[in-house]
Amino acid sequence: MGSSRVADVLVAMLAEYGVDRAYCVAGESFLAALDALGDSPIDVVTCRHEASAALAALADGKLTGRPGVCLVNRGPGASNAAIAVHAARQEAAPLLLVVGQLPRGELGRAGFQEMDYQLAFADQAKHVWTLLEARHAAEMTARALRASTQGTPGPVVLVVPEDLFEETVPEPPATAAPASVPPAFPDPGTLAAVAGELARARRPLLLGGGLLAAAPGGRQALRQAAEQLMLPVAVSNKHQDLIDNRHPLFAGHLHIATQVWQRDLLASADLLLAVGSRLDAVTTQRHTLPAAPVPAQPLVHVYPDAQPLGHASRPAYALCCDPTAFLRLLAGQADRHPVGPVAERRAWIERLREAETQQSTWSPEPDPGDGLPFGAVVAALGPIAEPDAVITVDAGNFTSWVHRYHRFAEGGELLGLGCGAMGFGVPAGVAAALRYPGRQVIAFVGDGGFLMTGSEFATAVQRRLRLVVVVADNGSYGTIRQHQERAYPGRVVATELANPDFAALARAYGGHGMAIKNEGELDTVLKAALSCDGPVVVSVRTSLRRISAYQRIDVSRPPTPVLTVGEAS
Ligand SMILES: Cc1ncc(C[n+]2csc(CCOP(=O)(O)OP(=O)(O)O)c2C)c(N)n1
């Protein structure tokens, strides 16, 4: 019988669980793990900042439904990665963060970069486990991977002391983990009762949640259940891609900028069926849809973890089961439970549809005089992007235009963070371009967000990725400026930005760089960007006056000028 290093065991276990890519910033505390990865089939993507590495891993986890994996150095590296741990918890997205720890003999003496990860990630990670015995390496790695996807998915931090990575254990390592865990099915009696309620409802609403996005067949199950049972579909925050936005049953996206009139219309539903959503604060429009603690209409809540069921709003029916399995079985109930009030149902669906079409139809706007309304860019890109394009969004006001005017087609995907953390757009674009080299990947970012993690454009150049990064450059932390205008009108403090020439910056990285200054250039430049064989930044001078897809502000002073290369001395 041979022996392996703990590092080899960990990497073998990752591969056994289907991990084919890991993100990192190299560090001396996990050299053996890097060495083991070098001999494995796992693609190691080296990034320029641990925040981006971990956010890219999180994006990969969202795309695949398997844990995204990131390895970081102790103390400073782990601290940089914390934003992704927080985000993965908020998003219910599977993430495994492997942290190299000080050698065991140096712990507890205020060691170099020493940190207690149990304390540091206590409120962020689902679990923080430290490997203390080489012989537990296989089972603990397996446990960490499974824990990140089971129940409510989330981040798991696995801490491995540097010296332990080098220790050897006899082969082959054994784990208690079964090859696969079958999905939990709904109770047949409750399923039939729910199907009966849905058939009788005049104005039901099916709310599709994020767990359906990465689950194999989740989107199809959602569409089929909706079609079979005549159910209009609203989608949870940042999951606008769950169903074709032009489908007659698509009723809207519950996000941070959903307008009150549309929310009120959706809230006039007489039955709410929420599937695969934890019913977080943004999706529920601050717990008004459904209302908390007592919803205005009967709520059916389906989630594979009992904890979120009834967490804020009391369900009439709570089903702790697999969301996709539930929808498939529900669709099969259609014949036994035909819709009763068909005419009223049709009228309800049409009303919702009209409202959604009305709010998402772009009509060109008069020139605001200080740059393009970003909606013009989104509207121009829609018809020339492939239906299965992956769109990633950073956080900021520019996203309001994307959500309002980009219509996701079947096969198209959206990657964004419901928790609103800036810095996700470019790393997520890198992750998507690596995962789907044949698809268009378009990252929408603000000028603020781009300078947080846009250095991963270097990773896109290094890996020669087809990635289009569209930077909405309004010379401002626009979202905060909008809040300032509301709370302290005319008092602009700490929100103005003097930016580099983003197109020139992209070229300096070794990629392509283009700029759009007026509407006339939109079509040509966007088409050129989409046909680039490598990464490209398209910098768009956007209007600060037209600060979001829903609001204008009065900009009395001229916006901060953009310095071009050569002027910035
Ligand atoms: C990591 C992080 N830091 C700060 C914030 C607060 N914040 C939200 S939006 C925003 C401004 C975003 O600016 P920009 O990327 O330029 O987009 P814009 O809002 O101008 O469209 C800030 C600072 C945040 N959400 N995340």
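Determine the calculated [θ] at 222 nm for the chain from helices alone, applying -39500 (n - 2.57) to every DSSP H run no shorter than 4 residues and normalising by the residue count; nearest 500 deg cm²/dmol.
So the helix-based figure for the chain works out to -10500 deg cm²/dmol.
For a protection proxy built on the mean count of beta-carbon atoms within 10 angstrom, sort 131-144, 200-213 highest first, please.
In descending order of packing, they fall as 200-213, 131-144.
Mind giving me the FRET efficiency for ALA292 and VAL493? R0 is 45 Å, r the Cβ-Cβ distance, nearest 0.05 is fine.
Efficiency at R0 = 45 Å is approximately 0.80.
At 25 °C and 0.890 mPa s, grab the translational diffusion coefficient of the stretch 429-548 from Stokes-Einstein with a Kirkwood Rh over Cα pairs, rounded to a whole number in µm² per second.
Rounded, D is 164 µm²/s.
Over the stretch 247-342, give the accessible area per residue in Å² for a 1.4 Å probe, as an integer.
40
Just for the Cα atoms in the stretch 424-471, what are the lengths along the principal axes, largest first, rounded to whole Å?
29, 18, 13
Does the stretch 393-476 come out rounded, prolate or oblate by the C-alpha gyration tensor, with a ≥ b ≥ c the root eigenvalues, rounded set by a/c under 1.5 and, if not, prolate when a/b is larger than b/c and oblate if not?
The shape class here is oblate.
If a/c stays under 1.5 just call it rounded; otherwise compare a/b with b/c (prolate if a/b is bigger, oblate if not). Do that for the stretch 363-403, with a ≥ b ≥ c from the square roots of the Cα gyration tensor eigenvalues.
It is oblate, given that a/c is not under 1.5 and a/b is not larger than b/c.
Distances longer than 15 Å among the Cα atoms of the stretch 38-116: what percent of all pairs is that?
For the stretch 38-116, the share of Cα pairs beyond 15 Å comes to 57 percent.
Just give me a number: lysine pairs in the chain, eight or more positions apart or cross-chain, with C-alpha atoms less than 24 Å apart.
Close lysine pairs under the 24 Å cut-off: 4.
Using a 1.4 Å probe on the protein chains only, how many percent of the accessible area of the chain belongs to carbon and sulfur?
52
Can you tell me the Rg and Dmax of the stretch 215-291, counting just the alpha carbons, in angstroms?
11.9, 34
In whole angstrom, and with the biggest value first, how far do the Cα coordinates of the stretch 251-297 range along each principal axis?
The principal-axis extents, from largest down, are 23, 20, 18 Å.
For the chain, give me the percentage of DSSP beta bridges that are antiparallel, rounded to the nearest 5 percent.
5
Based on the Cα coordinates of the stretch 314-391, what is the per residue volume of their convex hull in Å³?
In the stretch 314-391, the Cα convex hull volume per residue is 238 Å³.
Report Rg (one decimal) and Dmax (nearest whole number) for the stretch 341-431, counting Cα atoms only, units Å.
16.0, 52
Would you compute the Debye intensity of the chain from its alpha-carbon atoms alone, equal scatterers and no solvent, and pass along log10 I(q)/I(0) at q = 0.13 Å⁻¹ to two decimals?
Here log10 of I(q) over I(0) equals -1.32.
By the gyration tensor of its Cα atoms, with a ≥ b ≥ c the square roots of the eigenvalues, what is the shape of the stretch 20-64: rounded for a/c under 1.5, prolate for a/b over b/c, or oblate?
oblate
For the stretch 130-169, state the average projected area of the convex hull of the C-alpha atoms over all orientations, rounded to one decimal in nm².
Computing the convex hull of the Cα atoms and averaging its projections yields 2.7 nm².
The values are calculated or read from the model by the stated rules, or taken from the named source; none is laboratory data. Just so it is clear, the model here is predicted, and its values are computed rather than measured. Every residue, glycine among them, receives a Cβ derived from its backbone with ideal geometry; neighbour counts consider all protein chains shown. Side chains included, ligands, DNA and RNA excluded: accessible areas come from the protein's heavy atoms. Shrake-Rupley method; radii C 1.70, N 1.55, O 1.52, S 1.80 Å.
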